[in-house]
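K.L.:
Okay, handing you the structure first.
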Amino acid sequence: MELNSNDLRFLVGDLETLSRMPETPVLPAFSEKAVGFLSQLSRLLLRDKRSGTDVKAYAYWIRRASLEAAAREGDYRNRLGRGVALHIAPSNVPVNFAVSMTSSLLAGNCTVVRVSNKPFPQVDLICETINGLLADAWGDMRPYVCVLRYEHSPSITQALSAICDLRVIWGGDHTIETIRQASLPPRAVEMAFADRYSIAVINAEAYLECSSEDVAKKFYTDTYYTDQNACSSPRLVVWLGDSIRQARERFWNALDQLAQREYTMKPIQAVDKYTAVCALGMSRPGVRYVPGGALVTRAEVDRLTADVMDFKCGSGCFFEYEAKALCEIVPVLTKRCQTVATLGVDRERIRELVISSGVRGVDRVVPLGGTMELSFVWDGFKMVESMSRYVDG
Amino acid sequence: MIEEFHRWDPYALEAEEKSRMLSRELMELTRFHRDRCPEYANFLEMLGYDESKVRTPADIPFFPVRLFKEFDLLSVDRGAVFKTMTSSGTTGQRVSKIFVDKETAMLQQKVMLRILSSFWGKGRLPMLVVDAPSVLKDRKAFAARGAAVMGLQFAAREMVFALNEDMTLNVEKFREFAKKHQGKRFVVFGFTFLVWQHFYQELLRLGERVDFSQAFLMTGGGWKKLESEAVTRAEFKKRLHEVCGFRHFLDHYGMVEQTGAIYAECECGHLHASIYSDIIIRDVQDFSPLPIGKPGIVQVVSVLPRSYPGHALLTEDEGVVLGEDDCPCGRKGKYIQILGRMKSAELRGCSDTYGAEFQ
């Protein structure tokens with residue numbers, strides 16, 4: 001099928017730019033063009049009064065100093081773009097499309113991003129700012145960016161896939177399955193971001209030395225800030241140490257108080273959480289519901305098995321486990337496990353455990369409060385490296 | 001013992017006596033299901049259920065109704081299952097499976113009949129069902145409606161379906177039924193939006209006028225759909241009175257998970273709990289029971305479910321208890337208003353909603 005402008009709604013770029021992409025020379029990795037363009041985008045967004053927390057976090061991440069630091073992290077001298085990169089962005093994390101686009105441009109690709117049909121002011125703001133740059137001093141970048149929308153259509157996805165050298169799919173298992181029905185050219189590669197879960201490991205003594213309010217804020221950012229629905233939001237909290245009882249009580253109380261001030265919960269969310277906890281509790285013995293307010297719903301398990309992570313809910317629903325030794329977490333480090341957030345537990349120890357036990361999961365170990373931080377490494381991919389091509393010799 | 005309940009008129013018990021009888025029966029049922037349904041035993045263990053702490057029906061653990069969609073829950077051998085009832089769920093969603101044995105089925109019928117006779121008097125009445133006959137056959141598509149009609153089948157002396165398979169009014173059947181029963185006691189039953197759209201609107205268009213002043217218009221299925229078309233309950237009644245002469249309206253609230261113990265509408269427009277069941281409104285913040293007049297999450301208890309652990313259920317509806325023991329109609333017990341199904345939450349995060357968009 002021929003792509004035509006009736007089916008595609010361009011937020012950035014146009015059909016002509018898109019059609020020329022297969023012939024457009026790619027850029028070297030971390031080209032001055034791309035770095036300069038993104039850092040100017042950063043400046044404008046940081047200055048814009050309309051930028052909310054998420055847009056600001058994105059803008060901060062792409063400021064020149066941060067991009068240059070990322071460039072120094074690896075050897076990008078013999079790297080350049082793979083060609084046309086097609087990104088399928090998720091529908092419910094508004095700035096994700098720009099995050100995916102950023103690594104793709106830094107890798108040197110001609111970048112096409114399909115954003116959700118759901119309108120978001122963040123998407124409009126970022127695209128509007130990009131358009132301002134492309135129309136003005138950054139016209140050189142025009143051949144490299146298209147952001148578009150289209151109604152669900154396997155034939156459009158197929159037509160776009162047919163011209164791409166790299167396909168990046170966000171949005172989970174179901175989306176990946178749907179998009180994969182469109183075949184890729186023989187040389188093209190794919191990066192798929194599937195459904196994942198994350199956990200937190202806390203040492204009780206270390207916690208008791210922290211400000212409980214401060215930790216609550218960090219953990220709130222990790223969880224409630226995204227309705228605990230991001231892949232990186234911990235759903236299981238594993239406790240280590242001797243003063244667990246005391247630490248637990250203080251930790252959850254502080255979180256509950258913060259959630260009472262900050263979080264708006266609909267009635268159905270309370271019922272959903274109770275239902276999820278009961279589903280786990282029914283499926284096996286050894287689960288204990290911890291009574292309390294419905295804002296923070298939690299249940300304790302007497303042993304860690306992978307099935308605990310099947311009972312997903314979000315909105316502030318937590319499972320807890322008191323471990324005698326760190327290695328007890330191994331059963332939940334399945335291939336679906338993405339991030340381990342730690343407090344008072346050496347990150348090196350977790351990394352060692354992952355490598356020595358040979359588990360399929362854990363792509364990332366971060367301090368508690370850092371699960372939402374933007375990074376050039378995601379789900380085990382070094383993004384700019386994976387999106388670019390290396391010339392040997 | 002359930003027999004004790006049958007000795008009373010279904011609306012005879014005042015708060016204290018009802019609470020005492022219900023608590024005892026529900027505790028016994030909780031024990032019964034714990035001993036026979038392993039998943040339910042796990043559920044009780046998870047909550048740390050302690051029978052000695054039960055004072056009122058609100059102390060019996062409430063079970064999330066959605067779990068009937070995710071687990072097959074039985075307290076009898078599969079061989080003893082007499083019928084499996086399935087319920088609501090929009091296309092693509094899983095449906096509840098309720099396993100009913102002979103004993104539970106008979107109880108459901110007996111109690112439904114006892115409740116209904118409090119409104120339309122003793123005996124079975126002819127029934128005109130505002131639905132297509134296939135509602136009973138195509139169980140997947142119309143599970144909730146099919147279950148409601150099935151539940152009423154035994155209470156009807158004869159059952160006539162007023163709609164054709166394409167949901168148009170079967171004018172011939174309707175005229176025949178009206179001619180035969182006009183001026184006498186009978187029942188017209190249907191879900192509110194079907195009655196409005198395929199019965200009332202059609203009779204209006206055809207200019208049919210009938211005398212159903214002695215009949216009962218029994219409805220179910222909630223008012224959401226009509227309210228979204230700006231038709232209030234009062235308007236609904238007024239219009240149906242104008243066209244058919246209806247004076248007796250009998251709306252009801254019920255669910256396939258607690259068939260039989262319905263909440264039926266009295267002459268004052270209130271939905272009443274019978275002695276066989278009760279409503280507890282719970283606070284969304286901590287699930288604590290709320291007093292009269294405060295809206296919250298609807299929990300229902302019923303002493304009928306024997307073959308599955310459905311005697312104390314947390315629903316996904318919101319409602320309010322309007323009063324207890326003091327309705328001007330004279331019926332004792334709580335009377336309630338159902339505010340509708342809880343709205344779903346649109347969550348943030350990177351879960352899989354894009355795939356849904358692509359389907």
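K.L.:
Out of region B:41-74, which residues are among the small types (G, A, S) and away from every other protein chain (no Cβ under 14 Å)? Show your work before the answer.
P.N.:
To start, the set of residues in region B:41-74 that are among the small types (G, A, S) comprises B:41, B:48, B:52, B:58.
Within region B:41-74, B:S52, B:A58 qualify.
K.L.:
Still on this structure, please answer the following. For B:S307, work out the one condition from (1) assigned to a loop (DSSP other than H, G, I, E, B); (2) within 14 Å of another protein chain (Cβ to nearest Cβ); (3) crowded, with 17+ Cβ neighbours inside 10 Å; (4) at pLDDT 95 or above it doesn't fulfil.
P.N.:
All conditions are met except number (2).
K.L.:
Only one of these is under 21 Å from B:Q285 (Cβ atoms), more than 14 Å from chain B (Cβ to nearest Cβ) and over 19 Å from the mean Cα position of the chain (by Cα): A:L184, A:L255. Name it.
P.N.:
On the way: A:L184 fails: under 21 Å from B:Q285 (Cβ atoms).
Of the residues listed, the single one that is under 21 Å from B:Q285 (Cβ atoms), more than 14 Å from chain B (Cβ to nearest Cβ) and over 19 Å from the mean Cα position of the chain (by Cα) is A:L255.
K.L.:
Among the candidates B:T232, B:T219, which residue alone is out of contact with any strand residue (DSSP E or B) (no Cβ under 8 Å at 6 or more places or on another chain) and hydroxyl-bearing (S, T, Y)?
P.N.:
B:T232
K.L.:
Continuing with the same structure: Restricting to region A:258-284, what's the tally of residues that are more than 7 Å from chain B (Cβ to nearest Cβ) and either touching a residue at least 12 places away in the same chain (Cβ under 8 Å) or surrounded by 17 or more Cβ atoms within 10 Å (Cβ to Cβ) (or both)?
P.N.:
Of the residues in region A:258-284, 12 are more than 7 Å from chain B (Cβ to nearest Cβ) and either touching a residue at least 12 places away in the same chain (Cβ under 8 Å) or surrounded by 17 or more Cβ atoms within 10 Å (Cβ to Cβ) (or both).
K.L.:
From the list A:V93, A:V99, which one is in contact (Cβ under 8 Å) with a residue 24 or more places away in the chain, within 14 Å of another protein chain (Cβ to nearest Cβ), under 13 Å from the mean Cα position of the chain (by Cα) and assigned to a helix (DSSP H, G or I)?
P.N.:
Numbers: A:V93 fails: assigned to a helix (DSSP H, G or I).
None of the others qualify; the one that does is A:V99.
K.L.:
Among the residues of region B:258-283, count how many are surrounded by fewer than 21 Cβ atoms within 10 Å (Cβ to Cβ) and within 14 Å of chain A (Cβ to nearest Cβ).
P.N.:
1
One line per residue, one yes/no per condition, for (1) under 20 Å from A:A194 (Cβ atoms); (2) at pLDDT below 95; (3) hydrophobic (A, V, I, L, M, F, W, C):
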site	(1), (2), (3)
A:P90	yes, yes, no
A:V93	yes, yes, yes
A:P119	no, yes, no
A:I126	no, no, yes
A:I130	no, no, yes
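K.L.:
Next question, about the same structure. Determine, yes or no, whether A:V365 is away from chain B (no Cβ under 14 Å) and either more than 30 Å from A:A59 (Cα to Cα) or crowded, with 21+ Cβ neighbours inside 10 Å (or both).
P.N.:
In short, no.
K.L.:
Checking the conditions here, which among A:A69, A:A65, A:A59 is surrounded by 17 or more Cβ atoms within 10 Å (Cβ to Cβ), part of a helix (DSSP H, G or I) and among the small types (G, A, S)?
P.N.:
Answer to the selection: A:A59.
K.L.:
Within region B:202-217, is there a residue that is free of Cβ contacts under 8 Å to residues at least 40 places away in the same chain, under 20 Å from the mean Cα position of the chain (by Cα) and buried (at least 22 other Cβ atoms within 10 Å of the Cβ)?
P.N.:
The answer is yes; a qualifying residue exists.
K.L.:
Can you tell me which residues in region A:204-239 are of a type outside the set (K, R), assigned to a helix (DSSP H, G or I) and away from chain B (no Cβ under 14 Å)?
P.N.:
A:A204, A:E205, A:A206, A:Y207, A:L208, A:S212, A:E213, A:D214, A:V215, A:A216, A:F219
K.L.:
Among the listed residues A:V340, A:V308, A:V362, A:V366, identify the single one that is touching a strand residue (DSSP E or B) at 6+ places or on another chain (Cβ under 9 Å) and more than 30 Å from A:A69 (Cβ to Cβ).
P.N.:
None of the other options fit; the residue is A:V308.
K.L.:
Here's something else I'd like to know. Would it be correct to say that B:L271 is closer than 29 Å to A:G292 by Cα and not charged (D, E, K, R)? Outline the logic, then answer.
P.N.:
Numbers: closer than 29 Å to A:G292 by Cα: no; not charged (D, E, K, R): yes.
Here the answer is no, as B:L271 does not meet what is asked.
K.L.:
Can you pull out the residues in region A:374-393 that are of a type outside the set (S, T, Y) and without any contact (Cβ under 8 Å) to a residue 40 or more places away in the chain?
P.N.:
Scanning region A:374-393 gives A:V377, A:G380, A:G393.
K.L.:
As an exercise: evaluate A:E73 against (1) away from every other protein chain (no Cβ under 14 Å); (2) out of contact with any Phe, Trp or Tyr (no Cβ under 8 Å at 6 or more places or on another chain) and give the number of the one condition it does not meet.
P.N.:
(2)
K.L.:
With the requirement that a residue be in contact with a Cys (Cβ under 9 Å, 6 or more places away or on another chain) and closer than 29 Å to B:K122 by Cα, what does region B:192-240 give you?
P.N.:
Result: B:F199, B:Y200, B:R209, B:V210, B:D211, B:F212, B:S213, B:A215, B:L217.
K.L.:
Does region A:285-319 hold any residues that are of a type in the set (V, I, T) and surrounded by 14 or more Cβ atoms within 10 Å (Cβ to Cβ), and which are they?
P.N.:
Result: A:V287, A:V290, A:V296, A:T297, A:V301, A:V308.
K.L.:
Something else now. Would you be able to tell me the number of residues in region B:284-304 that are within 13 Å of another protein chain (Cβ to nearest Cβ), free of Cβ contacts under 8 Å to residues at least 60 places away in the same chain and within 14 Å of the chain's Cα centre (by Cα)?
P.N.:
Result for region B:284-304: 1.
Here is a yes/no grid of residues against (1) charged (D, E, K, R); (2) over 30 Å from A:G292 (Cβ atoms); (3) at pLDDT 95 or above:
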position: B:M27; (1), (2), (3): no, no, yes
position: B:S52; (1), (2), (3): no, no, yes
position: B:V76; (1), (2), (3): no, yes, yes
position: B:M106; (1), (2), (3): no, yes, no
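K.L.:
If I filter region A:1-27 down to residues being of a type in the set (G, A, S) and either surrounded by 16 or more Cβ atoms within 10 Å (Cβ to Cβ) or modelled with pLDDT of 95 or more (or both), which single residue comes out as farthest from A:S155 (Cα to Cα)?
P.N.:
A:G13
K.L.:
Within the group A:L133, A:L184, which residue is in a helix (DSSP H, G or I), touching a helix residue (DSSP H, G or I) at 6+ places or on another chain (Cβ under 9 Å) and of a type in the set (A, V, I, L, M)?
P.N.:
Answer to the selection: A:L133.
K.L.:
Also, I was wondering about something else. What is the residue count in region B:250-266 for residues that are part of a strand (DSSP E or B) and more than 9 Å from the chain's Cα centre (by Cα)?
P.N.:
3
K.L.:
Quick check on region B:40-54: of everything there that is touching a helix residue (DSSP H, G or I) at 6+ places or on another chain (Cβ under 9 Å) and farther than 19 Å from A:F319 by Cα, which residue is surrounded by the most Cβ atoms within 10 Å (Cβ to Cβ)?
P.N.:
Looking only at region B:40-54, we keep the residues that are touching a helix residue (DSSP H, G or I) at 6+ places or on another chain (Cβ under 9 Å), and these are B:40-47, B:49, B:51, B:53-54.
Still in the running and farther than 19 Å from A:F319 by Cα: B:40-41, B:49, B:51, B:53-54.
On the way: B:Y40: 25, B:A41: 17, B:Y49: 16, B:E51: 13, B:K53: 8, B:V54: 17.
Only one residue tops the list, namely B:Y40.
K.L.:
When region A:76-90 is examined, which residues are found to be assigned to a strand (DSSP E or B) and within 14 Å of another protein chain (Cβ to nearest Cβ)?
P.N.:
If the condition is that a residue be assigned to a strand (DSSP E or B) and within 14 Å of another protein chain (Cβ to nearest Cβ), then A:H87, A:I88 are the ones that fit.
K.L.:
Please find, within region A:288-306, the residue that is nearest to the other protein chains (Cβ to nearest Cβ) out of those that are within 21 Å of A:C337 (Cα to Cα) and outside any loop (DSSP other than H, G, I, E, B).
P.N.:
Top of the filtered list is A:A299.
K.L.:
Sticking with this one: Looking at B:G323, B:G269, which one is over 17 Å from the mean Cα position of the chain (by Cα), more than 24 Å from A:T297 (Cβ to Cβ) and not basic (K, R)?
P.N.:
Being over 17 Å from the mean Cα position of the chain (by Cα), more than 24 Å from A:T297 (Cβ to Cβ) and not basic (K, R) holds for just one of B:G323, B:G269, which is B:G323.
The values are calculated or read from the model by the stated rules, or taken from the named source; none is laboratory data. Here the structure is a predicted model, which is why all the values come from computation and not from measurement. Quick reminder, even Gly has a Cβ in these numbers, built from the backbone with ideal geometry, and neighbours come from all protein chains shown.
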